[in-house]
Amino acid sequence: MRASQFFFNTQKEAPSDAELPSHILMVRAGLIKRLGSGLYSWMPLGLRVLRKVETIVRDEMNKAGALELLMPAVQPRELWDETGRWAVFGPQMLKITDRHSREFCFGPTHEEVITDIARSEVRSYKQLPLNFYQIQTKFRDEIRPRFGVMRAREFMMKDAYSFHTDFASLETTYANMYQAYSNVFNRLGLKFRAVKADTGAIGGDGSHEFHVLADSGEDGLAYCDTSDYAANVELAEAIATSTVRGAAKESMREVDTPKQTTCEDVAKLLGIGIERTVKAIALIAKDGTENGQFYLALLRGDHSLNEIKVGKLTGLSDFRLATGDEIRDNLSCPPGFIGPVNVGENVTIIADRTVANMSDFVCGANKPKFHLAGVNFARDLPEPSLIADIRNVVEGDASPDGKGTLSLCRGIEVGHIFQLRTKYSEAMNATYLDESGQTQVMEMGCYGIGVSRIVGAAIEQGNDARGIIFPKSMAPFTVTICPIGYDKSEAVSTAANKIYADLNAAGIEAMLDDRGERPGVMFAEADLMGIPHRLVIGERGLADGTVEYKGRTDAEAQMISLTNVIEFMQKVAL
């Protein structure tokens, strides 16, 4: 592509609403242009990148045996009512009403639509398994669209859905999709991790998320360096820090804590480590009564509550934090001084595994301005009603597989695969006839990749002060040719034109900057746009029979022989 025939709209200044590097750089490099909140046009340069991601995704899906189709973006409410998700998805859905007052949504996902296809088209076990996929624009009414294409109202997604006669067949396809996703991200040149994850609003049983590793990632990940274990922090199992409760060595006593309402402040006042303190978090769960059931969740002072884990406990699927008034009504004490000792029968105690094995700990006294020290289960308070894993893992925790310790990092979710099982097929009566002519419910899986989000995630992982650092598989062009004095020197323009033609003939995507710009402008724009390789052609170099080469992340440029330019670029670029 010749720069004079292309469209560039680079900017020197960062957009005022941009927070993340990817958002800033995508706008500055001219990959996207903002239309409205969470709405972006993909400009010619950005679309080249997006299409390269799509191509790799499509290729790996085809290799895995999936069949491409295209479903409507607009979906009728009736389908969503069948599964109950019209209410569950709720405000996240971008909804519309037609002239006949019928309700529709712009599809955020397509489980209902594809299940409707399967139930009307699949009759026999001989037609299964099937795996359909599409690459299509999705819509979600984000409360606060932000971070550019990372959290937009409209985005490009690859979603796939498989149908099976039994769980064993589903597991086989699930494993194939896991490998296909790994192939996609490896081919894209991204550093990523696949982690066990919560199924969320999509539902089903097992699931794995695929995260591009980046410090700006919204998700916390836990992994073990000495094994294959990896999980989203919201799902990672927290092993008790001690397997045996120590014997009581202290007597329980009140300690005056007039202004200390946090574990950190109490530990500092008493001159002890925060790991000897226990904090109580008050929760309310619906139980059919007007006020609900009151719970105290006990955590070690330096640990934090994992609400996903708590929500999976029996009776706590719809819990919330108690208000200050509810705490006073149940414990006769203001927040900041509450604890598990001498509570009424109306209070249910849930202890984290680590807390259950603690002795001589410090906790709130249920008395304003006081805490208790030397507290022990069985002696000073009953054993907890429930002992469960309810905390987030921390750096250095034992790995659940027993093969080392956990480390933490941040990740950007770019893919998610689910074993849906029969969640949708049962609700929508998607059945088939087995070998005996009996009606059976189909097993299902679904598999999503955020195609447009991958572009943003790649930039979060690869950038510097000069701009974007794209992996070679995603870069809009492989090499930019920067001729110095293209419009003034016939020797320069002739050499540049020949190298440009030879590179493209060799299968190397080249961009010839034939605009006659100053070298600094050409170099800066190429770096900003993330083009991996740069060739500089000037009269002085031509006189010596050389061309200047510089890789995007190289510290220094090097001179290469004019006669070996194509051979050299084939080695470094392909």
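The values are calculated or read from the model by the stated rules, or taken from the named source; none is laboratory data. Just so we're clear, the structure is a prediction, and the values are computed from it rather than from any experiment. No Cβ is skipped: glycine too gets one built from the backbone with ideal geometry, and neighbour counts run over all protein chains shown.
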Taking the stretch 521-574 and keeping only residues that are buried (at least 19 other Cβ atoms within 10 Å of the Cβ), among the small types (Gly, Ala, Ser) and under 24 Å from Lys12 (Cα atoms), one is left with Ala526, Gly530
Scan the stretch 371-417 residue by residue and report those that are within 16 Å of Thr354 (Cβ to Cβ) and of a type in the set (A, V, I, L, M). Val375, Leu386, Ile387, Ala388, Ile390, Val393, Val394, Ala398, Leu406
Which ones in the stretch 462-497 are on the phi < 0 side of the Ramachandran plot and of a type in the set (Gly, Ala, Ser)? Gly462, Ala465, Ser473, Ala475, Ser489, Ala491, Ser493, Ala495, Ala496
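For the subset of the stretch 365-413 comprising residues that are free of Cβ contacts under 8 Å to residues at least 40 places away in the same chain and not in a strand (DSSP E or B), which member is nearest to the chain's Cα centre (by Cα)? Spell out the reasoning first.
To start, the set of residues in the stretch 365-413 that are free of Cβ contacts under 8 Å to residues at least 40 places away in the same chain comprises 366, 368, 378, 382-383, 385, 387, 395-396, 402.
Next, from what is left, pick out any that are not in a strand (DSSP E or B): 368, 378, 382-383, 385, 395-396, 402.
Details: Pro368: 43, Ala378: 43, Pro382: 41, Glu383: 39, Ser385: 35, Glu395: 20, Gly396: 23, Gly402: 26 Å.
Filtering first and then ranking leaves Glu395.
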Pick out the one residue from Glu254, Glu250, Glu264 that is within 24 Å of Ile390 (Cα to Cα) and among the acidic types (Asp, Glu). Glu264
Criterion violated by Lys259 - all others in (1) at negative phi; (2) surrounded by 13 or more Cβ atoms within 10 Å (Cβ to Cβ); (3) modelled with pLDDT under 95 satisfied: (2)
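Check whether at least one residue in the stretch 1-10 is within 23 Å of the chain's Cα centre (by Cα) and not hydrophobic (A, V, I, L, M, F, W, C), and report yes or no.
In the first step, residues of the stretch 1-10 are kept if they are within 23 Å of the chain's Cα centre (by Cα); the result is none.
No.
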Return yes or no: is Asn429 modelled with pLDDT under 95 and either over 30 Å from His211 (Cβ atoms) or polar (S, T, N, Q) (or both)? no
Is one or more of the residues making up the stretch 434-442 touching a strand residue (DSSP E or B) at 6+ places or on another chain (Cβ under 9 Å), buried (at least 23 other Cβ atoms within 10 Å of the Cβ) and of a type outside the set (Lys, Arg)? yes
Count of the stretch 519-574 residues which are farther than 25 Å from Arg28 by Cα, in a loop (DSSP other than H, G, I, E, B) and within 34 Å of the chain's Cα centre (by Cα): 1
Which members of the stretch 1-33 meet the condition of being in a loop (DSSP other than H, G, I, E, B) and of a type in the set (Gly, Ala, Ser)? Ala14, Ser16, Ala18, Ala29, Gly30
Tell me, which residue of the stretch 502-518 that is assigned to a loop (DSSP other than H, G, I, E, B) and within 39 Å of the chain's Cα centre (by Cα) is surrounded by the most Cβ atoms within 10 Å (Cβ to Cβ)? Asp513
Looking at the stretch 448-501 only, could you name the residues that are of a type in the set (D, E, K, R), farther than 19 Å from Arg552 by Cα and assigned to a helix (DSSP H, G or I)? Arg453, Glu490, Lys498
Enumeration of residues in the stretch 1-23 that are among the basic types (Lys, Arg) and either surrounded by 13 or more Cβ atoms within 10 Å (Cβ to Cβ) or touching a Leu at 6+ places or on another chain (Cβ under 6 Å) (or both): Arg2
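Just to confirm my filter: which strands (runs of 3 or more DSSP E) fall fully inside the stretch 36-117 and include at least 2 residues that are within 22 Å of the chain's Cα centre (by Cα)? Outline the logic, then answer.
On the way: elements: 39-42, 74-76, 94-97, 103-106.
The qualifying strands (runs of 3 or more DSSP E) are 39-42.
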Might you let me know whether the stretch 127-142 holds any residue that is under 30 Å from Val184 (Cα atoms), touching a residue at least 12 places away in the same chain (Cβ under 8 Å) and of a type in the set (Ser, Thr, Tyr)? yes
Can you tell me which residue in the stretch 291-350 is farthest from the chain's Cα centre (by Cα), limited to those that are surrounded by fewer than 21 Cβ atoms within 10 Å (Cβ to Cβ) and among the basic types (Lys, Arg)? Arg328
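Looking only at strands (runs of 3 or more DSSP E) that lie completely in the stretch 219-326, which have at least 2 residues being among the hydrophobic types (A, V, I, L, M, F, W, C), touching a residue at least 24 places away in the same chain (Cβ under 8 Å) and under 18 Å from Thr354 (Cα atoms)?
Counting at least 2 such residues, we get 278-285, 293-300.
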Over the stretch 351-364, the set of residues crowded, with 24+ Cβ neighbours inside 10 Å and in a loop (DSSP other than H, G, I, E, B) is Met358
Does the stretch 158-174 contain at least one residue that is at pLDDT below 95 and within 19 Å of the chain's Cα centre (by Cα)? no
